[in-house]
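Q: Below: one structure in structure tokens.
The values are calculated or read from the model by the stated rules, or taken from the named source; none is laboratory data. Fair warning: this is a prediction, and the values are worked out from it, not measured in the lab. Here the Cβ positions follow ideal geometry from the backbone for every residue, glycine too, while neighbour counts run over all protein chains shown. Surface areas here come from the heavy atoms of the whole protein model, side chains and all, with no ligands, DNA or RNA. Shrake-Rupley method; radii C 1.70, N 1.55, O 1.52, S 1.80 Å.
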Amino acid sequence: MEKNAETYGEWYLDIVEKAGLSDKRYPIKGMNVWTPYGWKIMRFVDSFLREELDGTDHDEVCFPLLIPETEFKKEKDHIKGFDSEVYWVTHAGLDELDVRLVVRPTSETAMYPMFSLWVRSHQDLPLKIYQIVNTFRYETKQTRPFIRVREIHFFESHTCHDSEEDAQRQIEEDLEIVKRLMGRLCLPYFLLKRTDWDKFPGAHYTVGIDTVMPNHKTLQLGSVHHYRTNFSVPYDITYEDENGEHKYVHQTTYGMSERTLGALISVHGDEKGLCLPPSVAPFEIVIIPILGKNQAVDVAKAAKDLTNDLKKAGFRVKLDDRDDRPGSKYYDWEIKGVPLRLELGARDIENKVVTYARRDTGEKGTIPMDSLVDGINGVFDSITKNLSEKAWKFQMDSVTELSSVDDIPKDTEDTKLRIYRFGWCGSPECGHRFEDDNDIKILGTPYLHEEYNGKCIVCGKETDTPAYAARTM
Ligand code: ZN
């Protein structure tokens, strides 16, 4: 099926199904089963996060799933933001619980009562921890695998600092991690400081990490939040400074979810199926022996040897020696998005080469046997670069400079929507009016400076700040 703005919704579900990424037949809506292929890809993303977080002196922890209602309700904005979407445990066996328990929607309210015990003096700071766990949110909108689910595979880091400045340094570190991670996934993104009415419940400010889907809607892949002391006050997380004075810590969080997999599928996939960057491909290479009749050389054995050699060299390789036509095998592995296909026939063996086909461009060629590892690595670098450039180009081409709200197509033309960049004076009045009149969401203002000179699209006041708006997934 062709992938474009019109077909995207259907195309996505088709790919998830055909590539074997998850099984939707589990009898709870929005809670699919992670099947091996999808789970393997997710584990690569998780491993990159672990590598990054461990490398920046965070410690991995694992908190309980259940949170007492008494702790959950301590920060009033936070609870307002989550009240309507949490699952409750109300009974234990046959007994009704005295204190009801929340199934974590996110872990601030699980962690912070403990932080108040863990943090004592300035020497305990900064406290930097993270966990990769499942969180639960009762989604009422239509669910979609990896993109809108009720049980969410979730990464969250939480930090405490002795000052607002040190917490701000943490935000910068988080955004460097985002940059490296997204680079490895070949995914483009915007870093946008959310509007005050759209920030995380309880946050001082929120930076959203958004990417553009094939239908020109944006998908929030994650976010970074500066809390200042908004949580440390109600949760009483204090430290004693050098002068023996008790002060509240400043806090940050950084979270990302299985939506990264939803983005990998959506952004890189095409009419043939999934198209994975080598970094996250469960199999980077599939080897297809091309068997003929009465061959002088043992192609099957040579293919096995080649598989073993490449495994020894550190590649993730699948030998497809099923009794089936090569064309049918190509088709199967294209759906699964394997970045590189190697074909090995009698003539290749004679010529001391392997024939390759790239999943991303379809380009074919040969690599000499005596420089196979370098040759493959070269092709992988080229695939990574191509996927990344193509995705960034799509994202940037999706952005339309808007000088008048009349240029936004009305809702009958949903698929013609773009990401809009326009001047905004920053006032909530103008922001709300823009959103309400056009049924579109302001994603925020660029976190990193962007040159801009223009007028607020609503009130006409001069402004040097652009805002971005889009429909969201
Ligand atoms: Zn204005």
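Q: Quick one: what are the phi-derived ³J(HN,Hα) couplings along segment 172-177, Karplus 6.51/-1.76/1.60 with θ = phi - 60°, whole Hz, x for glycine and proline?
A: 4, 4, 4, 6, 5, 5
Q: Give a residue-ordered list of calculated ³J(HN,Hα) values for segment 460-473 (Karplus: 6.51 cos²θ - 1.76 cosθ + 1.60, θ = phi - 60°; whole Hz; x for Gly, Pro).
A: So the Karplus estimates, Gly and Pro as x, are x, 5, 4, 8, 10, 10, x, 10, 10, 9, 6, 7, 10, 5 Hz.
Q: Okay, next question. What ranking of GLU75, GLU17 comes out by heavy-atom accessible area, probe 1.4 Å, highest first? Kindly include the intermediate steps, with their values, before the conclusion.
A: Details: GLU75 20, GLU17 110 Å².
Final ranking, largest accessible area leading: GLU17, GLU75.
Q: Next question, about the same structure. Return the subset of LYS390/LYS416; LYS18/LYS441; LYS312/LYS352 for which the Cα-Cα distance in this structure is over 29 Å, preserving the input order. Before the final figure, lay out each step's value.
A: Details: LYS390/LYS416 20 Å; LYS18/LYS441 33 Å; LYS312/LYS352 19 Å.
Flagged as over cut-off: LYS18/LYS441.
Q: For a quick check: with amide H placed at 1.01 Å from N, whose amide H comes under 5 Å from GLY222's, ignoring anything fewer than 5 positions away on the same chain?
A: Those lying under 5 Å, H to H, from GLY222 are ILE209.
Q: Please say if segment 1-91 is rounded, prolate or oblate, where rounded means a/c under 1.5 for a ≥ b ≥ c the square roots of the C-alpha gyration tensor eigenvalues, and otherwise the choice is prolate for a/b larger than b/c and oblate otherwise? Provide the component values of the computation, followed by the final result.
A: Details: a/c = 2.10, a/b = 1.41, b/c = 1.49.
In terms of gyration-tensor shape, oblate.
Q: At a 1.4 Å probe, what is the % contribution of carbon and sulfur to the accessible area of segment 337-473?
A: Carbon with sulfur: 48 percent of the solvent-accessible area.
Q: Starting from the 7 Å offset along Cα-to-Cβ, what nm value, one decimal, do you get for the label separation of LYS318 and MET1?
A: Label at LYS318, label at MET1, 2.1 nm between them.
Q: Which order do TRP424, TRP197 take when ranked by solvent-accessible area (1.4 Å probe, heavy atoms of all protein chains), largest first? Could the numbers behind the result be given before it?
A: Numbers: TRP424 25, TRP197 85 Å².
Ranking TRP424, TRP197 by accessible area, largest first, yields TRP197, TRP424.
Q: Taking R0 as 45 Å, what's the FRET efficiency between HIS449 and GLU96 from their Cβ-Cβ distance, rounded to 0.05? Display every interim value, and only then the final one.
A: Numbers: r = 55 Å, r/R0 = 1.22.
Efficiency, rounded to the nearest 0.05: 0.25.
Q: So who's got an amide H within less than 5 Å of the one on ILE290, skipping anything under 5 residues away but keeping other chains? H placed 1.01 Å off N, in plane.
A: Under 5 Å from the amide H of ILE290 lie the amide H atoms of LEU344, GLY345, each far enough along the sequence or on another chain.
Q: Kindly state, to the nearest 0.05, the FRET efficiency for THR143 paired with LYS385, given R0 = 35 Å and r defined as their beta-carbon distance. Mind showing how you got there, number by number?
A: Details: r = 35 Å, r/R0 = 0.99.
Efficiency, rounded to the nearest 0.05: 0.50.
Q: Can you compute the modelled spin-label distance between LYS247 and THR361, with each label point 7 Å from Cα toward Cβ, in nm?
A: 5.5
Q: Ordering ILE335, ILE349 by accessible area with a probe of 1.4 Å, largest first, what comes out? Walk me through the numbers before you get to the answer.
A: On the way: ILE335 20, ILE349 45 Å².
Result, largest first: ILE349, ILE335.
Q: Right, another one. With a ≥ b ≥ c taken as the square roots of the eigenvalues of the C-alpha gyration tensor of segment 8-268, please select rounded if a/c is under 1.5 and otherwise prolate if a/b is larger than b/c or oblate if it is not?
A: On the way: a/c = 1.96, a/b = 1.35, b/c = 1.46.
Oblate, since a/c reaches 1.5 and b/c is not below a/b.
Q: Here is a further query. For a quick check: with amide H placed at 1.01 Å from N, whose amide H comes under 5 Å from VAL353's, ignoring anything fewer than 5 positions away on the same chain?
A: Those qualifying (amide H under 5 Å, at least 5 residues apart or on another chain) are MET369.
Q: Taking the solvent-accessible surface of protein heavy atoms with a 1.4 Å probe, what is the per residue accessible area of the chain in Å²?
A: On the way: 22080 Å² over 473 residues.
Each residue of the chain exposes 47 Å² on average to a 1.4 Å probe.
Q: So, in Å, what gap is there between the alpha-carbon centers of segment 1-62 and segment 387-442?
A: About 28 Å separates the Cα centre of segment 1-62 from the one of segment 387-442.
Q: What does DSSP give for the chain in terms of the percent of beta bridges that are antiparallel, rounded to the nearest 5?
A: On the way: 71 of 87 bridges.
Antiparallel bridges: around 80 percent, rounded to the nearest 5.
Q: Can you tell me the length gained on complete extension of the stretch GLU240 to GLU60, counting 0.36 nm per residue apart and subtracting the Cα distance? Mind showing how you got there, number by number?
A: Numbers: separation 180, 0.36 × 180 = 64.80 nm, distance 2.50 nm.
Stretched fully, the GLU240-GLU60 segment lengthens by 62.3 nm.
Q: Among LYS3/LYS272; LYS410/LYS455; LYS24/LYS217; LYS179/LYS385; LYS199/LYS410; LYS199/LYS247, which pairs are too far apart, with a Cα-Cα distance over 20 Å?
A: Details: LYS3/LYS272 9 Å; LYS410/LYS455 23 Å; LYS24/LYS217 24 Å; LYS179/LYS385 15 Å; LYS199/LYS410 27 Å; LYS199/LYS247 25 Å.
Among LYS3/LYS272; LYS410/LYS455; LYS24/LYS217; LYS179/LYS385; LYS199/LYS410; LYS199/LYS247, the Cα-Cα distance tops 20 Å for LYS410/LYS455; LYS24/LYS217; LYS199/LYS410; LYS199/LYS247.
Q: Something else about it: Report ³J(HN,Hα) in whole Hz for each residue of segment 242-259, in order, from the Karplus equation J = 6.51 cos²θ - 1.76 cosθ + 1.60 where θ = phi - 60°; Gly and Pro get x.
A: Couplings: 4, 8, x, 8, 8, 9, 7, 7, 9, 10, 9, 9, 9, x, 9, 9, 4, 4 Hz.
Q: Let me ask something additional. Between the helical axis of 36-55 and the dominant principal axis of the chain, each derived from Cα atoms, what acute angle in degrees is found, rounded to the nearest 10?
A: Here the helix axis deviates by roughly 60 degrees.
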